[in-house]
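First up is the structure itself, then whatever we jot down about it.
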Amino acid sequence: MFLDRLYDDLSADAVSVDNVKGAYAATQHLLQNGHRRVAILQGLPGTYANTGRVRGFRQALADGGIEVHEEYVVGDDFGTLNGFLGTKQLLHLPDPPTAIFAAGDLIALGALDALRESTGSSPGISRW
């Protein structure tokens, strides 16, 4: 029995969240609030959780008629440093995103630190 992990090559029972559906809903919320330049701070590429979350993000944008800008897909692990550095990278783009979807809690904490440092104040956070 696995908890929050699925492996395609193992025949075993598992309990997990629907990463695709969750990321889709979060991204859709951002779109419904008027954002059109939405970025994702992804986790570790190739992992089950990250693959599903990125898929949900991309699908929500596609269904909303929004082009995925590859420069808005950043990150390489589920840690706070990834969120911090990824957010700094996004903020320095010529046309930075108006919203960022963090693919994990620790990533979000790092993103908040970067936003506080960049703006000198606490960022507006959308909760759904």
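The values are calculated or read from the model by the stated rules, or taken from the named source; none is laboratory data. No experiment lies behind these values; they were computed from the predicted model shown. Note that we place each Cβ from the backbone using ideal geometry, even for glycine, and neighbour counts take in every protein chain shown. The protein model used for the area step is the full one, side chains on, heavy atoms only, and it has no ligands, DNA or RNA in it. Shrake-Rupley method; radii C 1.70, N 1.55, O 1.52, S 1.80 Å.
Looking at HIS35, HIS92, just one residue is surrounded by fewer than 12 Cβ atoms within 10 Å (Cβ to Cβ) and at pLDDT 95 or above, and that residue is HIS92.
Against the condition surrounded by 15 or more Cβ atoms within 10 Å (Cβ to Cβ) and in contact (Cβ under 8 Å) with a residue 40 or more places away in the chain, how does LEU115 come out, does it pass? Working first, answer last.
On the way: surrounded by 15 or more Cβ atoms within 10 Å (Cβ to Cβ): yes; in contact (Cβ under 8 Å) with a residue 40 or more places away in the chain: no.
Considered against the rule, which asks whether it is surrounded by 15 or more Cβ atoms within 10 Å (Cβ to Cβ) and in contact (Cβ under 8 Å) with a residue 40 or more places away in the chain, LEU115 comes out as no.
Among the residues of the stretch 62-84, are any in contact with a Ser or Thr (Cβ under 7 Å, 6 or more places away or on another chain), open to solvent by 60 Å² or more (accessible area, probe 1.4 Å) and in a helix (DSSP H, G or I)? No: the stretch 62-84 contains no residue that is in contact with a Ser or Thr (Cβ under 7 Å, 6 or more places away or on another chain), open to solvent by 60 Å² or more (accessible area, probe 1.4 Å) and in a helix (DSSP H, G or I). PHE101 falls short on exactly one of the conditions (1) at pLDDT 95 or above; (2) assigned to a loop (DSSP other than H, G, I, E, B); (3) open to solvent by 20 Å² or more (accessible area, probe 1.4 Å), and that condition is (2). Across the stretch 11-29, the number of residues qualifying as open to solvent by 20 Å² or more (accessible area, probe 1.4 Å) and either in contact with a Phe, Trp or Tyr (Cβ under 8 Å, 6 or more places away or on another chain) or of a type in the set (S, T, N, Q) (or both) comes to 10. Considering the stretch 38-61 alone, what residues qualify as being open to solvent by 80 Å² or more (accessible area, probe 1.4 Å) and assigned to a strand (DSSP E or B)? Across the stretch 38-61, there are no qualifying residues.
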